[in-house]
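K.L.:
Quick one: structure below, then a few questions.
The values are calculated or read from the model by the stated rules, or taken from the named source; none is laboratory data. All values reported here derive from a predicted model rather than from experimental measurement. Cβ placement follows ideal geometry from the backbone for every residue including glycine, while neighbour counts extend to all protein chains displayed. These area figures cover heavy atoms from the full protein model, side chains too; ligands, DNA and RNA do not enter into them. Shrake-Rupley method; radii C 1.70, N 1.55, O 1.52, S 1.80 Å.
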Amino acid sequence: MGDLKPLSDQLPKEVWELAEALRELFDGLAVSVRRYAARRARDAGTFSRYLNGTRVPPWEVINDLFTDLAAHRGAPPRPETMELLRTLHHRAVRATPSPKHGVAVLESQLAEADRESRLSKNHKDVLAEALLDRQHRIADLEVRLNQLEADWGAERARANALAEAAPDLEGLLRERDELREEIRRLQSEVRETELRRAQAEERCALLERQLRSLEETAEADESAEVLPHLGPGPGGRRMPRVLLVDDDVNNRMAMKAVLDSLDQEIVAVSSGREALKELLNADDFAVILLDVQMPGMDGYATAAHIKRRPRTRDIPIIFLTAMGTDDSARGYAAGAVDYLGKPFDPWVLRAKVAVFTGIHLERNQRGSR
């Protein structure tokens with residue numbers, strides 16, 4: 001690694017740890033940066049920045065490096081080492097948020113959802129085979145029981161012999177009942193597995209739509225600097241304002257990217273207390289997107305404070321909830337007008353926000369007449 005500079009002590013701790021781990025892997029290949037970059041058809045300068053910690057690499061770069069080292073050593077990859085690298089990568093991405101890193105986070109979530117879907121499918125196949133085996137066994141027992149009943153009806157003279165065989169008959173009946181119970185259990189597992197797979201597929205679809213929106217925003221950022229709408233819009237009209245409240249920086253970044261093309265100003269904060277401070281300074285927001293699960297003051301408590309103030313009680317609130325969470329009664333009681341699940345559908349988010357900003361503009365126009 002003679003062509004690499006020492007790691008800067010100004011790097012964030014998470015980025016420094018990832019770069020150090022990547023250097024240890026790369027050192028095991030015993031090649032130059034330029035030669036390895038040519039081997040993988042990558043830009044040598046970019047790969048050097050990955051190893052120097054000035055840029056966080058995509059996960060596929062780390063995966064390729066790990067695979068190449070395993071092939072060089074002639075030993076299979078170690079799952080615990082791969083998991084450690086995955087954890088370091090997640091931490092480094094979260095420590096340096098940007099649209100591209102948001103894409104990396106969502107790609108990682110998409111990979112996890114796809115992995116769960118594939119595992120669920122494999123589990124379902126195994127359960128289906130076990131279920132088919134039990135059904136065949138129970139069918140065989142039915143045949144044997146029917147044969148015993150036929151013999152019983154056809155040969156009354158052998159009643160005593162059949163009576164002596166009764167213990168065997170009772171054992172077959174008991175085994176049949178046990179198999180039927182196992183079939184019911186397996187069928188229940190199959191249904192649960194199918195449900196988990198459907199949920200994983202749904203998460204995959206939503207994450208892919210979010211990725212498309214973020215990738216379009218990242219491409220736009222690379223081609224031109226886009227300044228936010230902070231002043232009046234066309235014709236001197238002030239842009240409608242949207243208050244976004246979420247403690248997760250990646251969620252805030254993803255939603256701002258989706259809403260960026262709408263004619264409005266986005267104000268993003270990370271807590272309920274910051275949201276209340278924004279509402280003290282200005283109460284002309286068209287809609288509030290409010291995360292339910294936040295440390296300290298959660299979404300319900302924040303909504304209650306907003307609804308108690310006469311100047312802000314009429315601002316519509318859309319709650320953001322994790323997928324699978326169903327506490328709509330409490331949310332509507334707290335003053336919500338709608339719910340959005342996370343990961344969110346970008347087209348649904350844009351449509352809902354556009355409706356409330358349109359209502360806000362129309363109300364302001366009527367008031368100015």
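K.L.:
Quick one: if you stick a label point 7 Å off each Cα along the C-beta vector at R40 and M82, how many nm between them?
P.N.:
Using points 7 Å along Cα→Cβ, the separation is 1.6 nm.
K.L.:
Same structure again: Stokes-Einstein D for region 325-365 at 37 °C, 0.692 mPa s, Kirkwood Rh over Cα pairs, in µm²/s?
P.N.:
278 µm²/s
K.L.:
Among the listed pairs K13/K307; K13/K121; K277/K352; K256/K307, which are separated by more than 30 Å between their Cα atoms?
P.N.:
K13/K307; K13/K121
K.L.:
What's the whole-number percent of alpha carbon pairs in region 258-340 lying beyond 17 angstrom?
P.N.:
45 percent
K.L.:
Give the peptides 171-179, 265-273, 249-257 in descending order of average Cβ contacts within 10 Å, highest first.
P.N.:
So the order, starting with the most tightly packed, is 249-257, 265-273, 171-179.
K.L.:
Provide R184, R311, R42 ordered by accessible surface of protein heavy atoms (probe 1.4 Å), highest first.
P.N.:
Per-residue accessible area, sorted high to low, gives R311, R184, R42.
K.L.:
A further question follows. Relative contact order, percent, of region 260-318 when contacts are C-alpha pairs under 8 Å separated by at least 6 residues?
P.N.:
Relative contact order comes out at 36 percent.
K.L.:
A follow-up question, please. For L119, what accessible area in Å² do you get when you roll a 1.4 Å probe over the heavy atoms of the protein chains, rounding to the nearest 10?
P.N.:
Rounded to the nearest 10, that gives 90 Å².
K.L.:
Excluding L29 itself, what net charge comes from residues whose Cβ is under 12 Å from its Cβ, given Lys and Arg +1 and Asp and Glu -1?
P.N.:
Taking every other residue near L29 into account, the sum is +1.
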